[in-house]
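Heads up, the thing below is written out as structure tokens.
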Amino acid sequence: MTIGVGSDHAGFELKEIIKAHLVQAGYEVKDFGAYSTDKANYVLHATAVAEAVASGTCARGIIICGTGIGVSIAANKVPGVRAALCSDTFSARMTRMHNDANVLTMGARVVGMGLALDIVDAFMGNAYEGGRHQERLDELQALEQKYSK
Ligand code: RB5
């Protein structure tokens, strides 16, 4: 499974730690930048990861900025992406099970390294339940189509 990762300058260091964690767990990782702590606006890198997930190049994405909010807003503008901002493991597990979230976002200024890696494991280690949740995902898809040009 290939995981796309990305960040802005604020998320760069945590993104590197997550990358190493994913590789150690046996995932293939595709890095969409940023590649240093030099100023890098989050929209560019978040949309690169989101587009890779939407196109199927990457099965899932993990994107980090200072709060996780900017990258979440950007990623959710890409049709087909369901990005979830998580600061706890319960949300990371539930968003996979109920929302079939395909992108995880986190704030490097919000969560510490240990919690961030636990959140990654909860996100990667849980599957979509389907069933009663599917009609809600269908509604989300219809909403996307309603506003697509
Ligand atoms: C960068 O300073 C910061 O604004 C950004 O990382 C993020 O938190 C935006 O949502």
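The values are calculated or read from the model by the stated rules, or taken from the named source; none is laboratory data. Quantities reported herein were computed from a predicted structural model and do not represent experimental measurements. Neighbour counts are summed over all protein chains in view; Cβ atoms, including those assigned to glycine, are modelled from backbone coordinates with ideal geometry. Heads up: the accessible areas ignore ligands, DNA and RNA and are worked out on the full protein's heavy atoms, side chains in. Shrake-Rupley method; radii C 1.70, N 1.55, O 1.52, S 1.80 Å.
Tabulated data
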| item | result |
| --- | --- |
| Total residues in region 40-75, condition within 10 Å of the ligand (Cβ to nearest atom) and part of a strand (DSSP E or B) | 2 |
| Among the candidates ALA92, ALA116, residue that is closer than 20 Å to ALA50 by Cβ, of a type in the set (A, V, I, L, M) and touching an Asp or Glu at 6+ places or on another chain (Cβ under 9 Å) | ALA92 |
| Residue check, LYS39 open to solvent by 10 Å² or more (accessible area, probe 1.4 Å), of a type in the set (Lys, Arg) and touching a residue at least 12 places away in the same chain (Cβ under 8 Å) | yes |
| Region 77-112, subset farther than 16 Å from GLY125 by Cα and free of Cβ contacts under 8 Å to residues at least 24 places away in the same chain, residue surrounded by the fewest Cβ atoms within 10 Å (Cβ to Cβ) | GLY112 |
| Residue check for GLY61: out of contact with any Asp or Glu (no Cβ under 8 Å at 6 or more places or on another chain) and buried (at least 24 other Cβ atoms within 10 Å of the Cβ) | yes |
| Residue list for region 118-133, restricted to those being open to solvent by less than 30 Å² (accessible area, probe 1.4 Å) and under 19 Å from ILE3 (Cα atoms) | ILE119, VAL120, ALA122, PHE123, MET124 |
